[in-house]
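Down below is the structure, laid out as structure tokens.
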Amino acid sequence: MNVVAPHQHDELDGRDAKPAMSDQPETEARKIRVMIADDHPIVREGLRKLLNLEDDIDVVGAAADGRELIERVEELMPDVILLDLRMPNLDGLGALQTLQHTSSKARVIILTASEDKNEFVQAMKLGCSGIVLKQTSADLIVKSIRKVYAGEIWLDSHTTAAVMRQFAAPGETSLGPTASKARERSPLSTREREIVALVAQGYKNKEMAEKMFISEQTVKNHLHNIFDKLGVSDRLELALYAIHKGLHLQQNER
């Protein structure tokens, strides 16, 4: 399965990728504390066994529903939460919303069998850091945990397009760490704002070059400058920033 995640090599272009957390665990490094919230015991136990095979991951606890998660999260202090959407008592979206009012700094990955794109969008609006489908391979689940723990956003190829198309109108709910991290250091030029809008609408570099009657290298140069000005690391962060600020609407308003 193709994964659309920060630092995808053919999409970053104009900026060197920041170092990603190594897949090779360091014996001296602090382990990533993971908590699992899922109403199916076999899923919880299977994930626990899978993740505990990794030298840099420690499953510190599990919950059978959102309410139990909220009750235990501040005690267990996980770094990353794997959260199912469909659970009794308090579902995943409700748990995400409630987590915002706790002292927990955990990053949340939605791990779900649901293919409801509206739920994915709502989860992103509520501040989750990643969405992984349960049919995803085990190695990608592990990789998503490491990436999210390192401060990145993880969306797979089945969810990225839906999030980009259906994300909230500007000014509604905060996008969480990604939006707050992005900062406009200096004003964007008119041409740069056009490129930002096209990135948020899903255009590739070659398509933007043809649409704007410029070379593909010029597009890459513009992206390099845009990344520096906004303080974002990759196209996904840029797209989420653009949607949050309403920049993706500019092309359509002309």
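Observations on the structure shown:
- Of all residues in region 218-254 being among the basic types (Lys, Arg) and at pLDDT 75 or above, the one that is nearest to ARG193 (Cα to Cα): LYS229
- Pick from region 87-116, criterion of a type in the set (D, E, K, R) and either free of Cβ contacts under 8 Å to residues at least 24 places away in the same chain or assigned to a loop (DSSP other than H, G, I, E, B) (or both), ranking: most open to solvent (accessible area, probe 1.4 Å): LYS105
- Within region 184-215, being outside any loop (DSSP other than H, G, I, E, B), among the acidic types (Asp, Glu) and out of contact with any His (no Cβ under 7 Å at 6 or more places or on another chain) holds for GLU194, GLU207, GLU210.
- Considering region 76-86, and only residues there that are at pLDDT 95 or above and over 19 Å from the mean Cα position of the chain (by Cα), the residue that is surrounded by the fewest Cβ atoms within 10 Å (Cβ to Cβ) turns out to be MET77.
- Verdict on VAL199 being at pLDDT 80 or above and surrounded by 15 or more Cβ atoms within 10 Å (Cβ to Cβ): yes
For (1) within 14 Å of ILE110 (Cα to Cα); (2) modelled with pLDDT of 85 or more; (3) open to solvent by 10 Å² or more (accessible area, probe 1.4 Å), each residue gets a yes or a no:
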residue: ALA123; (1), (2), (3): yes, yes, no
residue: GLY127; (1), (2), (3): yes, no, yes
residue: VAL132; (1), (2), (3): yes, yes, no
residue: GLN135; (1), (2), (3): yes, yes, yes
residue: ILE145; (1), (2), (3): yes, yes, no
residue: GLY151; (1), (2), (3): no, no, yes
residue: LEU155; (1), (2), (3): yes, no, no
residue: THR159; (1), (2), (3): yes, no, no
residue: ALA162; (1), (2), (3): no, no, no
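The values are calculated or read from the model by the stated rules, or taken from the named source; none is laboratory data. Please read all numbers here as calculations on a predicted model, not as lab measurements. We place every Cβ from the backbone using ideal geometry, glycine too, and count neighbours over all the protein chains shown. Heads up: the accessible areas ignore ligands, DNA and RNA and are worked out on the full protein's heavy atoms, side chains in. Shrake-Rupley method; radii C 1.70, N 1.55, O 1.52, S 1.80 Å.
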